[in-house]
């Protein structure tokens, strides 16, 4: 079994899908000659040429719209944003055009495209470059929003996203690119969108997480396992559509839940998860559901402040103990 | 931070309590859990304990005064804390300041008015649980969703609390509920605990929660529910210890201890028509005269073994009734309005006359207890009843009741059913009568019993069959030990 | 040919007149932007296209949809919000779509569809095709970033698109002079290193000529073009805007209406002996009947099924 980085897993997915389907092209800033700002597209220009691996000017709104137009007439664009922070400039194309085209044309124009790029805070990138956008995007009907946590999931989900006939927002945790994991070679990996995965099995408490925070959840689960506290870690993998059945199944078993996310508290993904839990599992709850998320502030630069602002294993552990009434 | 002492609901049905005796004087140091006062409820005399630490700064009612549940009756604070605002009763109690002025223990100060109830939830005003939405609500159409939102809206007091929780911890980047206690004596319990409690027939008010702020959680219900079955498993040999073991746990009927029978149409019609005919509980009576010659013999032989084995006629009757009930769940039943509940366990309420009335302590799982246990327990319960020391969980939860007026020389009487129980057995005195035995007159010890039956649950033949079984057991008491 | 142009323009005119009536009667809701006065652009430009070319426009889209060949029935039923509308009643006035006619909408955010047109042109080039994509937008859209970003990339990558400014002189109520530092919008073409041209777009022949040249450039040389079509709208910005309003005078309006593109074409055709008053009246009656038919059709068309609410949110 090959051990590959998250970034190379994405690279494999892009390469395989571009080999499979000549309608698939990659467009964005620095994706071609520079090999990608985060090297996700390394080698693709050489293999597929400049018509399929397209460097753009710094014009997020423009090239996102070009992707939408190309998708309207049957191509399958993969639009890379250098980071999702810059994608705000293109949000009109994502929200007003891509997400709604199928609906307002009553099914006549599909949007088989992917908007992808790094999401969430990295290290000391400060306020404008350290943001997790999934709750904004998951709010929009018509979009699918995918948040892989492991190289295997990244590959399988990106391949599925490219094959999906809907506009898929693909959020790659910026801190995940260098993480490694098993990705089998010579095997077609396709992970259905909208399906969560249990990353750890336990019956005392559920931790529901997505993207980068899944790694925190696993870390917490493994540490607590030594105390005999067994955590059910549910990796949502896709936050829209959300796998409510998986959440409900876990919480009905454990009666307790902590929801973790990189984004801010208000109207966050966690708020939606908690809503599903209270709807689906009301009579199964033995404790209030708690959330762990970024502090409700713009991301500070100073190392200590940044650490204090981010969700981490310590905060998640504290929340777990609290819902277990262990304080 | 001062702690309000309010009249607490010390029995499930208590609306008002009379303060019998203050156990602390103003100025005394108190710790959480200390007994502050003895309070007479509608059923018993209970202890009111401190819910905070400090000094008992102010007593706001006198011994002998009554106060409705929820009324402020004292204040605990630090020695030098200004408690005027609290002792004055706050905005909710305009009359109270007068009561607070220079109140001295035992002095004839002005009693607080009944209206001086501090704002705060009454014991049964727990927020209604939000309605569970149908599973497919997440795909429901907007007009439907709008309705659901209305249904699922947060009760105001919940909303306040949640808001407070968020602001208190949001800056740490984690929304952690504080679990802080809230004023009043609303029963705090998790949704899961409420569901389990309802399934197992557990009264939440009888359980001390182990969660934050005393929240009752799943573990508490399971532990409470596990105790009686553990007691059952221990069997008779553990009886001596069990007689005084936690009664709170024993009174619980959990799922599996009973069967709920939905009402058939004919049952509903019978219930309605009979109720119209005779009153809310359409009762009929079945009387039998039982021969207790052998019971007397058995009792004599037991007593010969020594004073410590002494049992009464009534103990043996209780044992026989319990055994018979075990075989006749259709009599060991409750009428619940929309259904009948047949119990698999036998908890016998034993009517005890007390100075100013009547109370019915319960012998739980009487069918599994030996005669010695029943005898000891009934003696203790009767004494505690007369001393008014019964706890609420010792006089609730009966599945069937027995009333014995034999000691008053009553030959025969009818007892009134204690709803929702479906029947009660009235037991008369044992006396010698001349009866025909094998065609010849003979003097025998005889005893009348009368079963009052709720006709909505029990039909004549059903009640008669129960009495048949009871007769067989009483007249062949060896079956009780078989 | 000329008769076809006249027919198209007259159909648009009569259709829009009845749309206004239907709006006043409450049969059409929401925003409704009429095309009256600008018909020479749609009729002239789309008369040049092949069926496999593409058209994308903004929210003032009724006239272009009809000129592209959508039936009056399909458009009117859409305006009425009915099942037989071109988008099943789910798009409405601003979002007319017809995939079979390569009519790509109907977009409601000013300027946001300009990058879409560049994307369509990119796809044409990607596939090695020789189609073109025509993109229509009002003059106010040239002030928005999307215009700049799209035209820059179209010029940079040589995409087969024609960007058509329908300069009706007012962005809603804001005159061009109050919105553009340089009113000569064709200079912008130079910025992107593409041909630019400005013309009197009340003259349908001028429109045809300019579009023909631009389409040819796009088809053969993959060169985009920016065209300024000088026109005038005879109605308010939308149905909620007065015809003359506070931002333009009645005198100006009347002056411009003298250059009604339909009258100009009719005069030309009469002069050339291609039509007389009787024939014109007969054509007009025919068209009025067609529009009446579309009204009746739309009125009779059922509302969408409620299940449609959740249909086509995503491809399942």
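Residues that are assigned to a helix (DSSP H, G or I) and touching a strand residue (DSSP E or B) at 6+ places or on another chain (Cβ under 7 Å) were ranked within segment A:67-84; the one that is surrounded by the most Cβ atoms within 10 Å (Cβ to Cβ) is A:67. Screening A:233, A:183, A:220 for residues that are over 22 Å from residue A:292 (Cα atoms), touching a helix residue (DSSP H, G or I) at 6+ places or on another chain (Cβ under 6 Å) and at pLDDT 95 or above leaves exactly one candidate, A:183. Going by the conditions given, is residue A:88 within 14 Å of chain C (Cβ to nearest Cβ), within 18 Å of the chain's Cα centre (by Cα) and farther than 30 Å from residue C:311 by Cβ? Considered against the rule, which asks whether it is within 14 Å of chain C (Cβ to nearest Cβ), within 18 Å of the chain's Cα centre (by Cα) and farther than 30 Å from residue C:311 by Cβ, residue A:88 comes out as yes.
Which ones in segment B:339-373 are closer than 24 Å to residue B:301 by Cβ and either without any contact (Cβ under 8 Å) to a residue 60 or more places away in the chain or part of a strand (DSSP E or B) (or both)? Residues satisfying the conditions are B:363, B:366, B:367. Of all residues assigned to segment C:82-96, at least one qualifies as being within 22 Å of residue C:140 (Cβ to Cβ) and crowded, with 24+ Cβ neighbours inside 10 Å.
Considered as a group, the residues in segment C:52-78 that are within 14 Å of another protein chain (Cβ to nearest Cβ) and more than 14 Å from the chain's Cα centre (by Cα) include one that is nearest to residue C:310 (Cα to Cα), and that residue is C:78. Taken over segment C:185-201, the criterion of being touching a strand residue (DSSP E or B) at 6+ places or on another chain (Cβ under 8 Å) and outside any loop (DSSP other than H, G, I, E, B) is satisfied by C:187, C:188, C:189, C:190, C:196, C:197, C:198, C:199, C:200.
Could you tell me whether residue C:178 is over 23 Å from residue C:41 (Cα atoms), away from chain A (no Cβ under 13 Å), surrounded by fewer than 22 Cβ atoms within 10 Å (Cβ to Cβ) and over 19 Å from the mean Cα position of the chain (by Cα)? Judged against the criteria, residue C:178 is a match.
Based on this model, can you work out whether residue C:119 counts as buried (at least 24 other Cβ atoms within 10 Å of the Cβ), within 8 Å of chain A (Cβ to nearest Cβ), at pLDDT 95 or above and touching a helix residue (DSSP H, G or I) at 6+ places or on another chain (Cβ under 7 Å)? So residue C:119 passes the test. Residue C:154 passes every criterion in (1) more than 16 Å from residue A:71 (Cβ to Cβ); (2) facing chain A (nearest Cβ under 7 Å); (3) buried (at least 24 other Cβ atoms within 10 Å of the Cβ) apart from (2). The helices (runs of 4 or more DSSP H) found entirely in segment A:212-327 that carry 2 or more residues being at the interface with another protein chain (Cβ under 8 Å from one of its Cβ atoms) are A:269-281, A:303-309, A:313-323. Per the listing A:192, A:184, A:241, the residue uniquely over 15 Å from the mean Cα position of the chain (by Cα), surrounded by fewer than 18 Cβ atoms within 10 Å (Cβ to Cβ) and over 25 Å from residue A:306 (Cβ atoms) is A:184.
Yes/no matrix, rows are residues, columns are (1) assigned by TED's automatic domain parsing to the domain that holds residue B:351; (2) more than 30 Å from residue B:225 (Cα to Cα); (3) part of a helix (DSSP H, G or I):
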position: B:396; (1), (2), (3): yes, no, no
position: B:425; (1), (2), (3): yes, no, no
position: B:428; (1), (2), (3): yes, yes, no
position: B:432; (1), (2), (3): yes, yes, no
position: B:435; (1), (2), (3): yes, yes, no
position: B:445; (1), (2), (3): yes, yes, no
position: B:451; (1), (2), (3): yes, yes, no
position: B:472; (1), (2), (3): yes, yes, yes
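The one condition from (1) at pLDDT below 95; (2) more than 14 Å from chain A (Cβ to nearest Cβ) that residue C:213 does not meet is (1). Take the conditions in contact with a strand residue (DSSP E or B) (Cβ under 8 Å, 6 or more places away or on another chain), at pLDDT 90 or above, under 16 Å from residue B:451 (Cβ atoms) and assigned by TED's automatic domain parsing to the domain that holds residue B:458 and apply them to residue B:381. Does it pass? For residue B:381, the condition - in contact with a strand residue (DSSP E or B) (Cβ under 8 Å, 6 or more places away or on another chain), at pLDDT 90 or above, under 16 Å from residue B:451 (Cβ atoms) and assigned by TED's automatic domain parsing to the domain that holds residue B:458 - is not met. Scanning segment C:95-104 for residues that are at the interface with another protein chain (Cβ under 7 Å from one of its Cβ atoms) and touching a residue at least 40 places away in the same chain (Cβ under 8 Å) yields one hit, C:104.
The values are calculated or read from the model by the stated rules, or taken from the named source; none is laboratory data. None of these values were measured; they are calculated from a predicted model. When we count neighbours, we look across all protein chains shown, and the Cβ atoms used for this are built from the backbone with ideal geometry, even at glycine.
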